[in-house]
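Enquirer: What follows is a structure written as structure tokens; I'll ask about it next.
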Ligand SMILES: [Zn+2]
């Protein structure tokens with residue numbers, strides 16, 4: 001076995017062990033924190049080309065922030081993400 005194959009096997013074994021540990025963990029979640037996902041997205045489409053050979057191209061790309069929250073298990077280190085929210089508090093209305 002080459003050094004590279006050996007490293008790959010070690011890595012896969014460790015990853016497998018971690019997944020197993022995380023699957024069997026009775027998670028103890030830390031506090032949820034705002035952890036937005038930044039995606040590079042195209043904007044402002046324009047038409048380019050000539051005659052029957054036209055297509056659209058974005059004017060440019062920019063980073064778009066998508067609302068997301070994460071929480072990390074204090075025991076196994078698993079990280080979970082969510083984009084969903086629920087109302088947790090009601091206040092009296094007069
Ligand atoms: Zn856990």
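Quick note: the coordinates plus some simple rules give every number you see, no bench work behind them. This one's a predicted model, so the numbers in the text were calculated from it and none came from an experiment. In this analysis, Cβ positions are derived from the backbone assuming ideal geometry, glycine residues included, and neighbour counts consider all displayed protein chains.
Enquirer: With r as the distance between the Cβ atoms of residue 87 and residue 20 and R0 = 41 Å, compute the FRET efficiency 1/(1 + (r/R0)^6) and round to 0.05.
Expert: Values: r = 36 Å, r/R0 = 0.89.
Here the calculated transfer efficiency is 0.65.
Enquirer: What order do you get for 70, 52 when you list them from fewest to most C-beta neighbours inside 10 Å? Working shown, then result.
Expert: Details: 70 15, 52 5.
Least crowded to most crowded, the residues run 52, 70.
Enquirer: For the chain, what is the mean residue ellipticity at 222 nm derived from helices alone (per DSSP H run of n ≥ 4: -39500 (n - 2.57); sum divided by total residues; nearest 500 deg cm²/dmol)?
Expert: -8000 deg cm²/dmol
Enquirer: Using a Gaussian network model of the chain with C-alpha springs under 10 Å, which one of 60, 51, 77 is most mobile by mean-square fluctuation?
Expert: Taking springs between Cα atoms under 10 Å, the residue moving most is 51.
Enquirer: Next question. Between residue 43 and residue 68, take the C-beta separation as r, use R0 = 25 Å, and let me know the FRET efficiency to the nearest 0.05.
Expert: On the way: r = 21 Å, r/R0 = 0.83.
E(calc), rounded to 0.05, equals 0.75.
Enquirer: With N residues in the chain, what two-decimal value do you get for its Cα radius of gyration over 2.2 N^0.38 Å?
Expert: Numbers: Rg = 23.3 Å, N = 94, 2.2 N^0.38 = 12.4 Å.
Here the answer is 1.88, to two decimals.
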